[in-house]
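Reading through the structure tokens given below for one structure.
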Amino acid sequence: MIDLKSSTGKLAFKKSLKAECIQLIEQRIKNAKVAIDNAQEAANSNDKSTAGDKYETSRAMGQLDSDMNAKQLFEAEQELVALEKIDVSMATDEIKVGSVFEMSGLLFFIAIGLGPVKIEDKRVMVVSSKSPFYENIKGMNAGDTFEFQDKMDEIKMVF
């Protein structure tokens, strides 16, 4: 169990969180590669039939699947590169890329848009540094308040 009250615990938490995010993106990459291979195999395995356009239609559908998966693969690879560049080795007082902060009883990690991630017994919202949410809170410190989901909220801690 990581202690978020000590500075070493906070840094260990950030490192574990980043590692979990990397693992999730690597799994996305692996899944996309498998899906590309499966779509290609399906397109190649269809024989010409006497049903006219059935062969061409299934090849076109296979190509669309392959293209969609290739796009997802490219995006996941870009996210992995961005994630690997994030420095989580130091605590920070202000919200910036690589920061973890607490508000509304939730933890947030500014990195890439992954959504909720469970790390140990904590749920963390992994938020893109390109999101409007991040743009609204960038540079804020613990104790700062701002409007979030139609109510005033306070940033409890930043590290």
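Quick rundown of the values:
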read-out	value
Region 75-107, residues that are of a type in the set (S, T, N, Q) and free of Cβ contacts under 8 Å to residues at least 40 places away in the same chain	Q78
Members of region 21-42 found to be without any contact (Cβ under 8 Å) to a residue 12 or more places away in the chain and among the aliphatic types (A, V, I, L, M), listed by number	V34
Cβ-Cβ under 6 Å pairs, at least 6 apart or on other chains, region 2-20 side under 20 Å from L114 (Cα atoms) and modelled with pLDDT of 95 or more, far side surrounded by 13 or more Cβ atoms within 10 Å (Cβ to Cβ) and of a type outside the set (A, V, I, L, M)	L17/F109
Residue, farthest from E20 (Cα to Cα), within region 123-154, restricted to residues that are hydrophobic (A, V, I, L, M, F, W, C) and without any contact (Cβ under 8 Å) to a residue 12 or more places away in the chain	M152
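Table: residues versus (1) of a type outside the set (S, T, Y); (2) part of a helix (DSSP H, G or I); (3) modelled with pLDDT of 95 or more.
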residue: Q63; (1), (2), (3): yes, yes, no
residue: Q78; (1), (2), (3): yes, yes, yes
residue: V81; (1), (2), (3): yes, yes, yes
residue: L107; (1), (2), (3): yes, no, yes
residue: I110; (1), (2), (3): yes, no, yes
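The values are calculated or read from the model by the stated rules, or taken from the named source; none is laboratory data. Computed from a predicted structure; not experimentally measured. Please note: Cβ atoms are built from the backbone with ideal geometry, for glycine as well, and neighbour counts cover all protein chains shown.
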